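Have a look at the structure below, then the notes.
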Amino acid sequence: MTAAGMAHTFGNHVDTDVIVPARYLNTANPAELAAHCMEDIDPDFIRRVKPGDMIAAGYNFGCGSSREHAPIAIRAAGVSCVIAASFARIFYRNAINIGLPILECPEAAAAIAAGDEVAVDFDTGVIRNLTSGEQYQAQPFPAFIQSIIEKGGLLGSIVENIS
């Protein structure tokens with residue numbers, strides 16, 4: 001599985017209240033959540049992001065509350081992958097549960113600039129910055145996690161496995 005798109009960059013400690021402000025948590029509708037994705041940290045994000053684009057961020061991405069609204073909003077906004085130096089553990093698990101591909105790679109997260117074109121091979125964990133020509137190595141997911149992501153998340157994986 002691969003993805004490619006333009007990078008949108010953020011710093012360290014991007015918390016779930018910034019990813020989706022709490023005032024919008026009265027819905028679970030993915031499109032409605034996506035409409036407010038990142039608006040408190042980057043008001044133009046949702047107008048700039050295109051299907052397939054990626055987020056590159058620093059350390060502790062997704063810290064804060066345990067709500068799944070944050071990765072749902074990111075995925076529904078069209079983001080194909082989040083590359084970060086590290087993720088808050090609950091965000092990491094929620095992202096897998098809803099089928100949002102994420103990769104930890106401090107070197108890539110630090111080097112990718114806003115607007116860079118980035119390609120990711122999820123099978124190998126190779127991240128290529130097509131703009132700079134640089135390549136980075138993230139730890140690829142084990143096959144069972146890749147399968148969960150490919151099926152759109154944990155629920156999709158369970159449904160397929162019991163059918």
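Scan the range 5-34 for residues that are open to solvent by 40 Å² or more (accessible area, probe 1.4 Å), in contact with a Phe, Trp or Tyr (Cβ under 8 Å, 6 or more places away or on another chain) and either of a type in the set (Phe, Trp, Tyr) or under 17 Å from LEU100 (Cα atoms) (or both) and jot them down. Hits for the range 5-34: nothing passes. Take the conditions (1) surrounded by fewer than 19 Cβ atoms within 10 Å (Cβ to Cβ); (2) over 27 Å from LEU25 (Cβ atoms); ILE127 misses just one of them, which is (1). Could you please find all residues in the range 109-128 being closer than 16 Å to VAL82 by Cβ and without any contact (Cβ under 8 Å) to a residue 60 or more places away in the chain? Answer for the range 109-128, where residues must be closer than 16 Å to VAL82 by Cβ and without any contact (Cβ under 8 Å) to a residue 60 or more places away in the chain: ALA109, ALA110, ALA111, GLY125, ILE127.
Taking the conditions exactly as written (charged (D, E, K, R) and modelled with pLDDT of 90 or more), does GLU160 satisfy them or not? Spell out how you get there, then give the answer.
Numbers: charged (D, E, K, R): yes; modelled with pLDDT of 90 or more: no.
Considered against the rule, which asks whether it is charged (D, E, K, R) and modelled with pLDDT of 90 or more, GLU160 comes out as no.
Any idea which residue in the range 130-163 is surrounded by the fewest Cβ atoms within 10 Å (Cβ to Cβ), counting only those that are in contact with a Gly (Cβ under 6 Å, 6 or more places away or on another chain) and under 19 Å from GLY52 (Cβ atoms)? Checked the range 130-163; the qualifying residue surrounded by the fewest Cβ atoms within 10 Å (Cβ to Cβ) is GLY152.
Taking the stated definitions as given, is PRO140 under 13 Å from PHE61 (Cβ atoms) and over 14 Å from the mean Cα position of the chain (by Cα)? Steps first, please.
On the way: under 13 Å from PHE61 (Cβ atoms): no; over 14 Å from the mean Cα position of the chain (by Cα): yes.
No; evaluated as a whole, the condition is false for this residue.
The values are calculated or read from the model by the stated rules, or taken from the named source; none is laboratory data. As the structure is a prediction and not an experimental result, all values here were calculated from the model. Heads up, the Cβs are rebuilt from the backbone with ideal geometry, glycines too, and the neighbour counts pull from every protein chain shown. All accessible areas refer to the heavy atoms of the entire protein, side chains included, with ligands and DNA or RNA removed. Shrake-Rupley method; radii C 1.70, N 1.55, O 1.52, S 1.80 Å.
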